[in-house]
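Right, one structure below, let's go through it.
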Amino acid sequence: MKLVDHFATGLDAPICLTWELTYACNLACLHCLSSSGRRDPRELSTEECKAVIDELQRMQVFYVNIGGGEPTVRSDFWELVDYATAHQVGVKFSTNGVRIDQAAAERLAASDYVDVQISLDGATAEVNDAVRGDGSHEMAVRALGHLQDAGFRDAKISVVCTRQNIGQLDLFKELADRFGATLRLTRLRPSGRGADVWDDLHPLPHQQRELYDWLVAHGDNVLTGDSFFHLSAFGSALPGLNLCGAGRVVCLIDPVGDVYACPFAIHDEFLAGNLRDAGFQAVWQGSELFAELRKPQTGGACSSCQHYDSCQGGCMAAKFFTGLPLDGPDPECVQGYGETALASVGGREVPRPTGDHSHKGGVRGGPVMLTLSTRRPDRQPERACEENPLAGLTV
Amino acid sequence: MLTLHPKVSVRPEPFGALLYHFGTRRLSFLKDRRLLDVVRRLDGTVSLDEALADIPPGELASFRSALGTLEQTGMLHHPATPPAPQGPRT
Ligand code: SF4
Ligand code: SF4
């Protein structure tokens with residue numbers, strides 16, 4: 001049995017657990033996977049968070065990917081990071097850099113168990129700020145500078161690949177090299193506010209090819225998690241996890257304790273339970289939804305495709321939020337079957353992400369889609385941050 | 001003597017085990033329960049040959065190569081200072 005087959009039937013505990021500590025955020029990125037902005041008053045308390053960490057320690061979850069929202073705006077953020085690392089739960093956290101000043105950078109440099117990912121979606125301020133908001137490029141670069149000055153080694157620069165930034169891959173790499181950081185490229189999924197801008201932001205077919213070729217050339221030095229296994233249908237499989245791990249090795253704990261199959265699948269359909277009821281382990285091991293996801297999946301329309309072994313029909317969340325059947329091709333299928341499938345969805349209603357925490361009326365200097373049309377002009381997209389469940393996984 | 005690096009945590013799974021190195025942040029997979037047993041036996045008091053005693057000769061090469069990879073990636077290491085001697089010195 002291949003290792004991925006074991007993964008497909010589920011593990012005793014997740015490998016890639018994302019924990020979004022808060023829906024509060026200082027920015028308002030257009031493509032935020034969790035539609036963050038305002039804090040949810042029902043957020044887990046400090047004590048509840050510590051109880052979750054105790055449980056993760058018992059389950060031997062080696063590390064958590066902490067995100068949000070902007071996790072560092074929680075007043076107990078550093079307390080929770082310290083608590084986790086003192087309990088053998090390593091922390092990788094994603095931030096837009098807002099609280100990474102010199103003091104924070106020094107404290108991070110002093111710890112062996114904390115990894116930092118700075119989100120940046122354009123190598124230049126022009127491209128970045130158009131989706132993440134005015135001044136967000138400068139903020140991220142300033143944070144990287146503080147980390148470098150403090151001697152923090154190997155920070156990550158986390159980039160959501162878009163139509164607007166695919167041409168900047170070399171520039172991103174240069175930027176990462178300049179700060180002694182590692183580049184982490186992730187896929188734009190139509191999740192959260194990303195659903196509103198996906199049509200305008202997702203890479204075009206020829207850009208997917210460009211991205212694939214670039215990854216083949218630089219793959220070993222760039223992290224991608226499970227982002228691009230749908231591209232493996234271009235040729236050989238890319239490094240990383242080539243499987244949709246939702247509910248099998250991946251899951252999300254949201255700020256109020258809801259457990260979803262994947263951070264990109266915040267929808268009632270993928271809600272496995274709430275850890276306030278009987279703890280996280282009970283959800284991970286007992287949820288009917290997860291049991292269903294761990295059953296052998298059928299390829300549906302993909303099963304006759306010669307690339308099915310490596311591509312596996314792509315990303316469940318991408319299919320779901322574009323209205324495609326879960327057992328068919330990915331909307332960005334490199335064989336072009338996704339476009340045909342999307343065309344047949346036509347103007348039909350597609351599922352909306354659950355929960356909108358966007359700032360009402362946006363934030364000052366927030367991004368505005370001036371040149372791009374949005375698919376649903378009735379809903380004004382506002383902001384976001386990116387989180388990938390499989391950061392840094394070496395299989 | 002070859003032993004598990006102190007920063008490595010081991011989580012048994014149905015297929016074998018997951019190893020995570022908190023220093024290098026690398027994840028490794030042991031795809032055989034017996035390999036997990038061998039790794040567990042490497043506590044600094046037994047030699048590699050002793051730890052591999054139960055492995056059939058035909059499979060020794062692949063077990064050794066798996067252990068070699070674990071050593072290269074820092075999951076297993078030779079501690080700088082040997083563990084305190086067991087029993088009275090003569
Ligand atoms: S749904 Fe998509 S993002 Fe989530 S685990 Fe599956 S492939 Fe990855
Ligand atoms: S048809 Fe399905 S399996 Fe084949 S490349 Fe497209 S998404 Fe992948």
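Take each residue of peptide B:10-23, count the partner chain Cβ atoms within 10 Å of its Cβ, and average: the result is 4. For chain A, the solvent-accessible area of protein heavy atoms averages 38 Å² per residue (probe radius 1.4 Å; ligands and nucleic acids excluded). Sorted on the mean count of surrounding Cβ atoms within 10 Å across their residues, most packed first, peptides A:353-364, A:244-255 read A:244-255, A:353-364.
Of the solvent-accessible surface of the protein assembly as shown, computed with a 1.4 Å probe over protein heavy atoms with every protein chain present, carbon and sulfur atoms account for 50 percent. Among A:123-129, A:62-68, sorting by the average number of other beta carbon atoms lying within 10 angstrom of each residue, highest first, gives A:62-68, A:123-129. Computed log10 I(q)/I(0) for region A:201-245 at 0.16, 0.17 Å⁻¹: -0.38, -0.44, from the Debye equation with unit scatterers placed on every C-alpha and solvent omitted. Chain B contacts chain A over a buried accessible area of about 1800 Å², both sides summed; the probe is 1.4 Å and only protein chains count. Please list log₁₀ I(q)/I(0) at q = 0.21 Å⁻¹ for region B:3-58, using the Debye equation with identical point scatterers on the alpha-carbon positions. Listed by q, the Debye log ratios stand at -0.82.
Taking label points 7 Å from Cα along the Cα-to-Cβ direction, A:TYR308 and A:LEU204 give a separation of 3.2 nm.
The shape of chain A comes out rounded: with a ≥ b ≥ c from the C-alpha gyration tensor, a/c is under 1.5.
The values are calculated or read from the model by the stated rules, or taken from the named source; none is laboratory data. This structure is a prediction, so every number in the text was calculated from the model and none was measured. Reconstructed Cβ throughout: ideal geometry from the backbone, glycine too, with neighbour counts over all protein chains shown. When the accessible area is computed, the model is the full protein with side chains, heavy atoms only, and any ligands, DNA or RNA have been set aside. Shrake-Rupley method; radii C 1.70, N 1.55, O 1.52, S 1.80 Å.
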